[in-house]
Each structure stands twice: as C-alpha cells, then as structure tokens.
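None of the figures in this text is laboratory data; all of them are computed from the coordinates on show. No experiment lies behind these values; they were computed from the predicted model shown. Cβ atoms come from the backbone with ideal geometry, glycine included; neighbour counts cover every protein chain shown.
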Amino acid sequence: MKVPATLDVNGVRYPIELAPNTSLLVAVRDAIGLTGSKEGCDDSECGACMMLLDDRPVNSCSYLALQAEGVEITTVEGLADGDELHPLQAAFLAESGVQCGFCTPGMLVSATALLRANPTPTEDEARIALSGNLCRCTGYDGIVKAVLRVSADSST
Amino acid sequence: MTVTSLLVAKTTDEAVEAMAEGARPVAGGTDLVVGARQGKAALPDRLVAIHRLEELAGIASREGSIAIGALTTHATIASDPLVLERLTALADASAIVGSHATRAWGTIGGNVMNASPAMETGGPLVCFDATASLRSRSGTRSLAVADLFTGPGATIADPDELLVALEVRVPRVGTGSCYLRLEYRRQMEIAVVGVTAVASVDGERVTDARVAITALAPTVRRVPEAEAALAWGDAEGAAAAVAAAAAPISDVRASDRYRRAMAAVIARRAMDVAVARARGDVVPVPANQRYWGSAR
C-alpha cells in the first residue's frame with residue numbers, strides 16, 4: 001500500500017507515492033529518477049548511497065524515505081552549480097580520484113560532509129572520515145589528495 | 001512481511017500509544033533497516049518513527065548524574081564536553097560507532113535496545129551504573145542497563161515499552177575510563193572484541209575499578225574478577241581474568257580462540273588508558289586511534 005509523500009531533493013520538491021518500507025535510496029532513484037546515488041552493498045557497509053539530510057551524511061539505503069520528509073536532501077546531483085563543477089568534483093578529476101566511478105557519488109557527498117564539519121582536515125582525518133566509503137579501484141590516494149586540495153584551496 | 005504503516009510521531013505520548021497498539025519504533029534506522037535486509041528480522045508490520053521527538057534528544061547535567069535522551073545521536077555524545085571529561089569511555093565508544101553517516105543519525109537508544117553483544121555503548125553504560133527509563137502506556141519504570149540485556153538482540157523490555165532516557169552516575173574526580181575494541185576497519189565496524197575499563201585512583205594507587213566485556217559473551221557484562229584484580233593494582237591478572245571470563249562465539253569475523261586471545265590484549269590496553277586518564281594524562285578520544293598508527 002503506497003502513501004503520498006513529498007521529498008525535497010536538491011532544492012526541488014517532488015510529490016511521490018511510496019510504500020512505507022521504501023528506503024530513501026530507492027525513493028530517490030526509482031520514484032524521483034535521480035540515479036546519481038548508487039546502491040553498492042544495500043547494507044550500510046560501502047557508502048555509495050550516501051546523501052546529506054540537512055547537512056548530515058546518511059546511508060540512504062538504510063534510511064526510510066518517509067522519515068526524510070520535511071528535511072533538505074542533497075544528492076551528488078545537487079553539488080554542482082549548473083555546469084560549474086563543485087570544487088570537490090573538479091579536484092577529483094584533477095587528482096584522478098575517479099576510476100570506475102561507482103563509489104564517486106558517495107565519496108563526494110561524504111567528503112562534502114567532512115569539509116563542512118572540519119574544513120581543514122589532516123590527511124589522517126580525511127582518510128578516517130572516508131573509511132565508511134569503499135573504493136575498489138583507486139587505492140584512495142587520488143581521492144584523499146582531492147579532498148586535501150579543496151581544503152587547502154579554501155583555507156588560502 | 002510488508003510494512004503497512006509508518007506513523008511519524010509528534011509527541012512521546014503519541015509514540016507510546018502507537019506502540020501499545022502494536023507499532024514498533026524506528027529512529028535512525030541504522031540497525032532496524034539493515035537488519036531487515038540481512039534477514040535477521042523482518043521489518044515490523046507497523047512502524048512509529050520517533051526521530052522528530054526532540055524532547056528525547058540531548059544531554060543534561062543533573063546533581064551527580066548525567067541524563068542522556070534516548071534519541072541523542074552518537075555524534076552528539078562523542079562531542080559533548082561533559083561526556084568527554086567525565087564519561088570518557090562512552091565518548092570512546094560513541095565516536096567509533098559506524099561511520100560519520102551512522103553517528104549523525106544513529107541513537108544511543110537504538111544501540112542499547114538493539115542489544116547486540118558487540119554494541120559499543122553497552123560496556124561504558126554498564127560500568128557507569130547507567131539506568132534506563134522505559135515508558136509505556138501504563139507508566140515509566142527504571143532499571144539498570146546491566147539488567148536490561150537477556151541475550152543476543154534481546155532485552156527484558158516489553159514490546160510496548162519505549163526507552164526514553166538513560167541516566168548515568170558521574171564518577172568521582174580522579175576517575176579515568178576507556179572503551180577499546182579490536183577492529184578490522186576504522187569505520188562501519190562493530191567490536192570483534194571490546195573492553196571497557198574504569199579506574200579511580202588515589203595518587204598512583206588504583207582504589208576502585210570497573211571492567212566490562214563486549215563481543216565476548218551473549219551480552220555485554222561486567223567481569224568482577226577483573227575488577228578486583230585491577231583495584232588491587234594487578235592489571236596483568238585483570239587481563240587474564242577477562243580472558244578467563246570470555247565465552248565468545250566463532251563467526252565469520254573471528255574464531256572463539258582468537259577472540260579469547262585478543263580479550264587479554266584489548267583488556268590490558270583499555271585498563272592502561274583508563275588508569276592513565278585517571279592520573280590526568282590526556283589520551284585523545286576515541287582511544288582506538290592510539291592503535292591506528294598513521295593512516296598511510
């Protein structure tokens with residue numbers, strides 16, 4: 001049985017209908033059609049589904065969509081400003097922080113949350129904060145460099 | 001089973017009423033939703049979402065005790081100055097639950113009522129003599145967190161009882177504490193072996209101690225033999241007592257033999273940090289980061 005709900009994603013209000021057990025990830029991907037957030041493990045291990053709820057990171061595969069009514073949801077699609085990449089996205093490209101790209105949306109969102117909470121993390125802090133996001137390609141070096149590059153750029 | 005309804009409660013009364021009618025609570029969903037997918041337990045037929053109940057979130061200092069609302073997130077607990085100073089082991093534990101995404105939404109109430117033998121916050125709560133307030137339509141009762149757990153994933157709470165708050169007695173000045181776990185990953189991990197140690201000192205001498213084990217028995221529980229040894233100044237003996245008290249399982253993460261062997265190691269480290277903190281040494285929270293080395 002579906003119930004009506006309105007989700008506010010990246011500043012747009014989407015009226016949709018959801019079964020009560022629908023995860024936020026499935027709601028945003030299937031009901032709304034924003035497929036940037038990925039389903040990796042569907043088990044809160046990999047972080048590929050990470051979104052922001054009012055600035056706080058959430059593993060959206062394990063959060064019920066109906067609980068996200070009334071808060072601002074940000075997905076990877078909400079980071080860029082039109083055609084202007086978010087500084088983290090530009091830094092991921094510059095530092096080769098992307099290979100297959102599957103973890104990238106979650107990495108970007110996780111790094112966004114990190115930098116909002118701690119604008120100038122040390123390398124250790126960046127690595128530890130991103131430990132909830134698994135990447136099977138890059139070896140993490142490019143990703144961490146990208147985060148530190150944005151941090152350095154914003155602090156100068 | 002499919003979820004037929006989800007009510008977003010606006011008041012605690014409304015939530016408790018829904019639970020009396022058979023609904024089950026969900027806050028951050030970090031255990032409930034994941035558990036449903038792993039096949040541990042299907043999502044309840046009827047859910048009441050309690051995440052908007054601000055009256056159940058927050059940390060308040062009372063005379064001699066600290067009250068922690070059930071909906072207080074791990075992130076809030078791990079950064080609370082009072083918890084960091086006086087209940088350091090609880091900050092150690094809250095700071096390593098899940099990842100920053102888990103800590104932003106996961107609550108201490110959920111961690112407690114999920115009652116995993118590997119839960120991070122249970123050992124500190126038990127060692128700090130925490131009490132839990134359970135509320136139902138018929139009233140509120142308080143009981144020791146130590147008496148709450150009856151087995152893996154099981155508590156003595158009735159299905160219609162909502163954990164609303166935890167109250168922790170503030171240990172005396174000169175007390176240090178530590179929660180430490182064996183882990184394979186720095187985030188999205190739960191204890192492979194965990195030990196909580198609380199030590200009160202008079203000068204150099206340990207006068208009183210508490211020790212609890214995590215992921216080493218069907219429930220988190222204290223180890224009186226280890227407490228007696230540590231209070232006697234015998235950390236080595238206390239660590240051996242922890243290993244002797246351990247009755248771990250073998251699972252995909254570790255064999256029982258490995259867990260028992262590591263129990264003594266983790267216990268020794270946790271006790272060393274607790275005593276050091278009691279003596280005024282600064283050991284940053286979470287204590288686990290002491291053993292992370294450089295991330296590179």
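So what's the angle, to the nearest 10 degrees on a 0 to 90 scale, between helix A:141-155 and the longest Cα principal axis of chain A?
80
Mind giving me the FRET efficiency for A:Ala80 and B:Asp13? R0 is 45 Å, r the Cβ-Cβ distance, nearest 0.05 is fine.
0.50
Excluding B:Phe149 itself, what net charge comes from residues whose Cβ is under 13 Å from its Cβ, given Lys and Arg +1 and Asp and Glu -1?
Working: positive: B:Arg221, B:Arg222; negative: B:Asp147.
Taking every other residue near B:Phe149 into account, the sum is +1.
Quantify how strongly other chains surround peptide A:44-54 by giving the mean number of their Cβ atoms within 10 Å of each of its Cβ atoms.
3
Would you compute, from DSSP H runs of 4+ residues alone, the mean residue ellipticity of the protein assembly as shown at 222 nm, taking -39500 (n - 2.57) per run and dividing by the full residue count, rounded to the nearest 500?
Here the helix-only value at 222 nm equals -9000 deg cm²/dmol.
If I build a Gaussian network model for chain A, linking alpha-carbon pairs within less than 10 angstrom, which residue out of A:Arg127, A:Arg29, A:Arg136 has the largest mean-square fluctuation?
Comparing A:Arg127, A:Arg29, A:Arg136 in a Gaussian network model of chain A, the most mobile one is A:Arg136.
How far apart, in nm, are the 7 Å Cα→Cβ label points at B:Leu143 and B:Arg257?
3.9
Taking 7 Å along the Cα-to-C-beta vector as the label spot, tell me the B:Ala41-A:Glu123 distance in nanometres, rounded to one decimal.
Rounded to a tenth, the inter-label distance reads 4.5 nm.
For A:Lys145, go through the aspartates and glutamates and keep the ones whose alpha-carbon is under 16 Å away, minus same-chain ones fewer than eight residues off.
Within reach: A:Glu95, A:Glu123, A:Asp124, A:Glu125, A:Asp153.
Computed over the Cα atoms of the range A:1-133, what is the convex hull's projected area averaged over all directions, in nm²?
Result: a mean projected hull area of 8.0 nm².
If you take each beta carbon of peptide B:93-102 and count the beta carbons of other chains within 10 angstrom, what is the mean?
The shielding value for this peptide is 6.
By the gyration tensor of its Cα atoms, with a ≥ b ≥ c the square roots of the eigenvalues, what is the shape of the range B:46-188: rounded for a/c under 1.5, prolate for a/b over b/c, or oblate?
rounded
What percent do you get for the relative contact order of the range A:1-42 when only Cα pairs under 8 Å and 6+ apart count?
Dividing the mean separation by the residue count of the range A:1-42 yields 28 percent.
Considering only the other residues whose Cβ falls under 11 Å of the Cβ of B:Glu183, what net charge follows from Lys and Arg at +1 and Asp and Glu at -1? Write out the running numbers ahead of the final one.
On the way: positive: B:Arg181, B:Arg185, B:Arg186, B:Arg253; negative: B:Glu120, B:Glu189.
Once all neighbours under 11 Å are counted, the net charge is +2.
Any idea what the relative contact order of the range A:1-127 is, in percent, if you count C-alpha pairs under 8 Å spaced at least 6 apart?
26
Take chain B, connect every pair of alpha-carbon atoms lying under 10 Å apart with a spring to form a Gaussian network, then pick out the residue of B:Gly151, B:Gly233, B:Gly64 with the largest mean-square fluctuation.
Looking only at B:Gly151, B:Gly233, B:Gly64, the largest GNM fluctuation is found for B:Gly64.
Going highest first, how would you order A:38-46, B:122-130 by mean Cβ packing within 10 Å?
Ranking, from highest mean packing down: B:122-130, A:38-46.
Once each part is reduced to its C-alpha centroid, what is the distance from the range B:44-71 to the range A:49-67 in angstrom?
Rounded to whole Å, the Cα centres lie 20 Å apart.
Once a ≥ b ≥ c are taken as the square roots of the eigenvalues of the Cα gyration tensor of the range B:150-296, is the result rounded (a/c under 1.5), prolate (a/b larger than b/c) or oblate (a/b not larger than b/c)? List each step's numbers first, then the result.
Working: a/c = 1.41, a/b = 1.19, b/c = 1.19.
Note, shape of the range B:150-296 comes out rounded.
Any chance you could give the angle, 0 to 90 degrees and rounded to 10, that helix B:235-245 forms with the longest Cα principal axis of chain B?
That helix lies at roughly 40 degrees to the long axis.
Highest first, please rank the peptides A:141-153, B:29-41, B:94-106 by the mean number of other Cβ atoms sitting within 10 Å of their residues.
Output ranking for A:141-153, B:29-41, B:94-106: B:94-106, A:141-153, B:29-41.
Averaged over its residues, how many other protein chain Cβ atoms are within 10 Å of peptide B:22-30's Cβ atoms? Don't skip to the answer; put the middle values down first.
On the way: counts 0, 0, 0, 0, 4, 1, 6, 9, 5.
The shielding value for this peptide is 3.
Could you work out which residue, out of B:Ala244, B:Ala15, B:Ala42, moves most in a Gaussian network model of chain B, that is, has the largest mean-square fluctuation with Cα springs under 10 Å?
Maximum fluctuation in the GNM of chain B, among the listed residues, is at B:Ala42.
Mind listing the Cα extents of the range B:244-296 along all three principal axes, in Å, largest one first?
Rounded to whole Å, the extents work out to 37, 32, 12 Å.
By the 4.7 Å beta carbon criterion, which cysteine residues of the protein assembly as shown come out unpaired?
So, A:Cys100, A:Cys137, B:Cys127, B:Cys178.
Under unit Cβ charges (Lys, Arg +1; Asp, Glu -1), what dipole magnitude, rounded to 20 debye, does the range A:41-156 have relative to its Cα centre?
The calculation lands at about 280 debye.
Pairing the Cα long axis of helix A:104-117 with the longest principal axis of chain A, what angle in degrees results, from 0 to 90 and rounded to the nearest 10?
It works out to around 80 degrees.
Based on C-alpha coordinates, I'd like the Rg and Dmax of chain B, in Å.
Rg then Dmax for chain B, in Å: 18.6, 60.
For the protein assembly as shown, what class follows from the C-alpha gyration tensor (a ≥ b ≥ c being the square roots of its eigenvalues): rounded when a/c is under 1.5, otherwise prolate if a/b is larger than b/c, else oblate? Show your work: numbers first, answer last.
On the way: a/c = 1.90, a/b = 1.28, b/c = 1.48.
Oblate, since a/c reaches 1.5 and b/c is not below a/b.
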